[in-house]
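Asks: Provided herewith is a single structure, encoded as structure tokens, for subsequent inquiry.
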Ligand SMILES: Cc1cc2nc3c(=O)[nH]c(=O)nc-3n(C[C@H](O)[C@H](O)[C@H](O)COP(=O)(O)OP(=O)(O)OC[C@H]3O[C@@H](n4cnc5c(N)ncnc54)[C@H](O)[C@@H]3O)c2cc1C
């Protein structure tokens, strides 16, 4: 890594999923060989602070890091359960710490990339660039890529919604075999819905080891002990009383139809702050991959990091808004919506839809499986 200077071609502010994905893609394209790059984060990554799950057809840039993969998923709800083969997709899992270590191993071999650890306090646009102010210095760059969230979005209209996807995950080991490691339980709604949309993911690694995540889509968090109690009740009811907790994870993901700006002058927003979290599902990792790949491609083609078409088509933002409207106003329970969706469609069609990759005709097929009246009313409310 080179000595620190004050001006760079690119500054990447935030070395999390988006910042590191972008940098790995710039490196894969050789852009770093003729571009000075500064990567800033407030602190080095030393812990497994999150686990990413996502579905993918084929292999991605981070394929060597996939810790587990499943070719089947299961959906469960009161009165309905089904296992789906998801070919051409696989449901994959990457541990955050593996991702950080892998990226930093690659980055430290590159002399054109400088890494500093310092808290960023402000990012401002300049006429032909931008400044990044940290606790200890001010840097300038031609372009700044930021994934740092300084403030929560301020909602201005009744049609903007902001729910929280909050979850507690335990990796447990059981004394007796309890799990089918060939399939991941994508959503299990056989839990109380008293707080709002609530379900459990189970990702088994072996017949006696799994990550189990108690997940809610609501406006408020629960008291910390409520997640533990719910996980314990669920594991006892569906698996065993005899288990040990090996690891724990807690997370909050915004679920909103707030329209995040893709850029401001020469500051390009990436990751959650760049709008890559899908409003209706919270899935982000693959949207980050698409956005950072598009930025790297734009730099190669035009010399500038601006992508000329919105990756999330307006149509999909509208669908997300309708779902958020129903959930935020308690017009229809999440369990009803997801059960109908999985009863009448293949998981592969649902994944394609949630990836914003279906055609309009495919959208109509999926949408026609949902309760007509509440969805139509919510759609009208969101339109006007
Ligand atoms: C626990 C958890 C589990 C998740 N699981 C999934 C999942 O399974 N699938 C999925 O698709 N999505 C998941 N997500 C959502 C999403 O993929 C992640 O939040 C993802 O990390 C977002 O990437 P990002 O780059 O926007 O933010 P981050 O990865 O959080 O990166 C932001 C970086 O900015 C740094 N930073 C923040 N403030 C400052 C500052 N002032 N100065 C300098 N640096 C700063 C942080 O240290 C961090 O490294 C999960 C989120 C969480 C929290």
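The values are calculated or read from the model by the stated rules, or taken from the named source; none is laboratory data. Source: prediction; values computed, not measured. Quick reminder, even Gly has a Cβ in these numbers, built from the backbone with ideal geometry, and neighbours come from all protein chains shown.
Asks: Between 232, 195, 238, which is free of Cβ contacts under 8 Å to residues at least 12 places away in the same chain and more than 30 Å from residue 119 (Cβ to Cβ)?
Replies: One residue alone meets the criteria, 232.
Asks: Still on this structure, please answer the following. In segment 312-321, is there at least one residue being over 30 Å from residue 25 (Cβ atoms) and outside any helix (DSSP H, G or I)?
Replies: no
Asks: Could you please find all residues in segment 3-30 being surrounded by fewer than 19 Cβ atoms within 10 Å (Cβ to Cβ) and more than 11 Å from residue 143 (Cβ to Cβ)?
Replies: 3, 4, 5, 6, 7, 28, 29, 30
Asks: Further question: Is one or more of the residues making up segment 291-309 within 17 Å of residue 163 (Cβ to Cβ) and modelled with pLDDT of 95 or more?
Replies: Within segment 291-309 (the criterion being within 17 Å of residue 163 (Cβ to Cβ) and modelled with pLDDT of 95 or more), the answer is no, since none of the residues qualifies.
Asks: Just give me the residues in segment 273-284 being surrounded by fewer than 22 Cβ atoms within 10 Å (Cβ to Cβ) and not in a loop (DSSP other than H, G, I, E, B), in sequence order.
Replies: 273
Asks: Might you check whether a residue that is within 16 Å of the ligand (Cβ to nearest atom), in a strand (DSSP E or B) and under 17 Å from the mean Cα position of the chain (by Cα) occurs anywhere in segment 10-33?
Replies: No, there is no match, as no residue in segment 10-33 is within 16 Å of the ligand (Cβ to nearest atom), in a strand (DSSP E or B) and under 17 Å from the mean Cα position of the chain (by Cα).
Asks: Would you mention how many residues in segment 78-131 are part of a strand (DSSP E or B), more than 20 Å from residue 270 (Cβ to Cβ) and touching a strand residue (DSSP E or B) at 6+ places or on another chain (Cβ under 7 Å)?
Replies: Let us first name the residues in segment 78-131 that are part of a strand (DSSP E or B), namely 80-85, 89-95, 113-117, 120-126, 129-131.
With more than 20 Å from residue 270 (Cβ to Cβ) added as a condition, the list becomes 80-85, 89-93, 95.
Going one step further and asking which of them are touching a strand residue (DSSP E or B) at 6+ places or on another chain (Cβ under 7 Å), we end up with 81-85, 89-93, 95.
Within segment 78-131, residues that are part of a strand (DSSP E or B), more than 20 Å from residue 270 (Cβ to Cβ) and touching a strand residue (DSSP E or B) at 6+ places or on another chain (Cβ under 7 Å) number 11.
Asks: Quick one: in segment 147-161, of everything that is surrounded by 14 or more Cβ atoms within 10 Å (Cβ to Cβ) and modelled with pLDDT under 95, which residue is farthest from the ligand (Cβ to nearest atom)?
Replies: Once the filter is applied, the top-ranked residue is 159.
Asks: Then there's this: Give segment 73-90 a look and list any residue that's farther than 22 Å from residue 334 by Cα and in contact with a helix residue (DSSP H, G or I) (Cβ under 9 Å, 6 or more places away or on another chain), or say none.
Replies: Within segment 73-90, 85, 86, 87, 88, 89 meet the criteria.
Asks: Now, a different point. For segment 67-88, which residues satisfy the criterion of being crowded, with 18+ Cβ neighbours inside 10 Å and within 14 Å of the ligand (Cβ to nearest atom)?
Replies: Hits for segment 67-88 are 68, 70, 73.
Asks: Of the conditions (1) touching a strand residue (DSSP E or B) at 6+ places or on another chain (Cβ under 7 Å); (2) over 15 Å from residue 54 (Cβ atoms), residue 286 satisfies every one except a single condition; which number is it?
Replies: Only one criterion is unmet by residue 286, namely (2).
Asks: Has segment 45-57 got any residue that is more than 12 Å from the ligand (Cβ to nearest atom) and at pLDDT 95 or above?
Replies: yes
Asks: Suppose we keep only residues that are within 16 Å of the ligand (Cβ to nearest atom) and part of a loop (DSSP other than H, G, I, E, B) within segment 248-267. Which one would you say is surrounded by the fewest Cβ atoms within 10 Å (Cβ to Cβ)?
Replies: Looking at the filtered set, the residue picked out is 261.
Asks: Which is at pLDDT 95 or above, more than 19 Å from the chain's Cα centre (by Cα) and under 30 Å from residue 241 (Cβ atoms), of 114, 171, 131?
Replies: Values: 114 fails: under 30 Å from residue 241 (Cβ atoms); 131 fails: under 30 Å from residue 241 (Cβ atoms).
Matching residue, one of 114, 171, 131: 171.
Asks: Is it the case that some residue within segment 15-26 is over 17 Å from residue 284 (Cβ atoms) and out of contact with any helix residue (DSSP H, G or I) (no Cβ under 7 Å at 6 or more places or on another chain)?
Replies: Looking through segment 15-26, none of the residues is over 17 Å from residue 284 (Cβ atoms) and out of contact with any helix residue (DSSP H, G or I) (no Cβ under 7 Å at 6 or more places or on another chain).
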